[in-house]
1. Collect the residues in region 355-377 that are of a type in the set (S, T, N, Q), part of a helix (DSSP H, G or I) and either in contact with a strand residue (DSSP E or B) (Cβ under 6 Å, 6 or more places away or on another chain) or surrounded by fewer than 19 Cβ atoms within 10 Å (Cβ to Cβ) (or both), keeping them in residue-number order.
2. Quick one: count up the residues across region 376-410 that are over 16 Å from Thr339 (Cβ atoms) and more than 15 Å from ligand 2 (Cβ to nearest atom).
3. Only residues that are surrounded by 13 or more Cβ atoms within 10 Å (Cβ to Cβ) and assigned to a loop (DSSP other than H, G, I, E, B): list them for region 127-150, please.
4. Go through the residues of region 430-453 one by one and say whether even a single one is within 16 Å of ligand 2 (Cβ to nearest atom), among the aliphatic types (A, V, I, L, M) and surrounded by fewer than 18 Cβ atoms within 10 Å (Cβ to Cβ).
5. Find the residue count for region 256-297, including only residues that are surrounded by 13 or more Cβ atoms within 10 Å (Cβ to Cβ) and of a type outside the set (Ser, Thr, Tyr).
6. Kindly establish whether Leu246 is under 27 Å from the mean Cα position of the chain (by Cα) and surrounded by 12 or more Cβ atoms within 10 Å (Cβ to Cβ).
7. Taking the condition of being over 17 Å from Lys473 (Cβ atoms) and within 9 Å of ligand 1 (Cβ to nearest atom), how many residues in region 391-416 meet it?
8. Of the conditions (1) modelled with pLDDT of 95 or more; (2) near ligand 1 (Cβ under 8 Å from one of its atoms), Leu442 clears all except one; give me its number.
Amino acid sequence: MATVRGRLTAWYTTALTLTLAAFAAVVYVASHRAAFEELDRRITSEADLTVGILAGVYRAGGVVLQRDAAGRPALVAELTATLDAVPDFLIITHTEGRVLFASAQARARINEFEQLARLARDSRSSVADTVTIQPLGPTLRYVVRPVIGAGAELGAVLAAAPTAAATLQLRQLLGTYALTLPFGLLIAYLVGSWIAGRALAPVDEIITEVREITDGRSLHRRLAVPIERDELGRLAATLNEMMGRLERSFSALRRFTADASHELKTPLTVLRGGVERAITTPELPPDVLATLEEALQEVNRMTELVDTLLTLARVDEGRAPLHRELVDLREIVEEVRETGELLAEPAGLTLDAVTPAAPVVVAVDRSRIRQLLLNLLTNAVKYTPPGGRVRLRLELDDGRIAMTVADSGIGIAAGDLPHVFDRFWRADTARTRTEDRAGAGLGLAICKWIAEAHGGSIEVQSRPGRGTAFTVKLPREAEPGLDAGSAA
Ligand SMILES: Nc1ncnc2c1ncn2[C@@H]1O[C@H](COP(=O)(O)OP(=O)(O)OP(=O)(O)O)[C@@H](O)[C@H]1O
Ligand SMILES: [Mg+2]
């Protein structure tokens with residue numbers, strides 16, 4: 001079972017089921033014993049009463065036995081009539097073995113009669129016992145009592161009753177179990193799952209909270225720690241400590257990146273100024289000029305990288321505000337297309353832009369959106385071999401603005417797609433050919449931030465060898481709180 005809740009429920013249900021089963025077994029054994037004791041009491045008292053009656057009549061000087069025509073002894077008619085009222089099997093034997101009386105039950109059932117008569121004659125024990133009448137039952141409880149004080153001729157009295165009455169009760173009990181046990185199980189399951197749910201609800205809350213804290217940029221937030229210092233309280237406190245440490249190391253890292261980028265900016269500017277001045281020196285030998293140009297290119301690349309790092313560090317610290325103004329996005333697309341021409345032409349690519357006829361006015365940070373489109377366009381040019389095609393498209397899609405940069409280039413492997421927006425991530429194909437495909441792997445990370453900071457999103461679709469399309473979607477409405485009056 002995948003969840004602790006499921007396991008707890010299973011344990012609880014099992015424990016309760018075992019308890020119920022043990023309880024049911026105890027009740028069954030007790031009922032069994034009680035039912036048989038009751039039966040034994042009944043037949044014992046029947047036998048004792050019969051012995052008592054016989055002895056009573058004999059002591060009072062009455063006649064107990066009479067002879068029939070053939071001279072065989074039998075119980076006198078008055079006694080027979082009295083004893084016939086006994087509802088169970090009742091047999092009285094002569095000391096010499098002959099049956100002197102058999103109750104109506106016994107007379108009616110010849111099989112039982114014969115076997116019981118034999119028991120009455122032979123049994124030496126006066127404790128109740130069980131006999132199963134052959135061949136097919138029934139099972140009877142019987143007790144044999146010697147007749148004492150009623151003359152020399154009377155032998156023993158046997159009383160017997162079927163166990164069916166007692167076992168019927170037990171069968172009813174089992175039937176009740178069969179009906180109620182499934183309900184018991186169901187209730188055990190429901191109660192178990194409720195208890196487990198209740199016990200684990202705070203854990204779920206902690207999971208949700210931790211996810212919220214670590215998902216967004218809210219590492220400064222902390223979990224609410226319950227006052228009781230129970231296990232969950234300690235867990236929350238421990239997680240809080242951990243997040244504190246995380247926050248400290250994250251911000252140290254950010255501050256380091258921000259400080260380092262900042263510190264690098266000034267020397268890079270000085271360096272660039274120096275190289276630019278040196279390059280303009282007249283009559284430079286060609287090899288020195290080439291070296292200086294190469295140095296300038298590298299310095300420019302480094303400046304760009306440092307700028308990007310600084311931006312990302314500020315984004316992480318929440319210090320990269322957008323300067324929104326109302327802009328017609330078609331203008332930005334046109335500007336980007338013009339710049340793109342300068343890149344596409346030397347790369348041997350055709351570039352076109354498709355925009356709607358009506359203005360698409362929306363409140364955005366003009367320079368950031370331009371940066372976003374330029375990054376995508378630079379990628380498209382960089383990763384498309386000569387002869388390919390790059391298309392810029394601005395359209396309205398389902399109440400949202402969609403800006404697409406599509407190329408017919410080398411594409412991105414499906415397994416790489418989830419990583420393209422990661423910082424410093426570059427596909428192996430991009431890494432190996434550093435000559436014409438230089439880059440740090442930060443362009444798309446910036447694009448993603450710009451799109452999300454505008455309340456939008458960025459998606460990529462690609463097929464290796466066929467081309468790639470990046471689509472940026474922005475909400476149409478201006479963010480609430482924007483002062484339309486100050487717009488350009
Ligand atoms: N249009 C594209 N076609 C094919 N692969 C692309 C495309 N755009 C991006 N990629 C892949 O995604 C990686 C990350 O792109 P990203 O723009 O973040 O970095 P970069 O272009 O390599 O460097 P930077 O933009 O920082 O100069 C690229 O290295 C490349 O492997
Ligand atoms: Mg790039």
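1. Ser367, Gln371, listed by residue number.
2. Qualifying residue count, region 376-410: 17.
3. Passing the criteria: Ala128, Ile133, Gly137, Pro138, Val147, Ala150.
4. Checked against the condition, which is being within 16 Å of ligand 2 (Cβ to nearest atom), among the aliphatic types (A, V, I, L, M) and surrounded by fewer than 18 Cβ atoms within 10 Å (Cβ to Cβ), region 430-453 yields at least one hit.
5. Count: 17.
6. No; evaluated as a whole, the condition is false for this residue.
7. Adding up the residues that qualify gives 6.
8. (1)
The values are calculated or read from the model by the stated rules, or taken from the named source; none is laboratory data. Note that this is a predicted model, so its numbers are computed, not measured. Because the Cβ atoms are built from the backbone with ideal geometry, glycine has one as well, and the counts that use them run over all protein chains shown.
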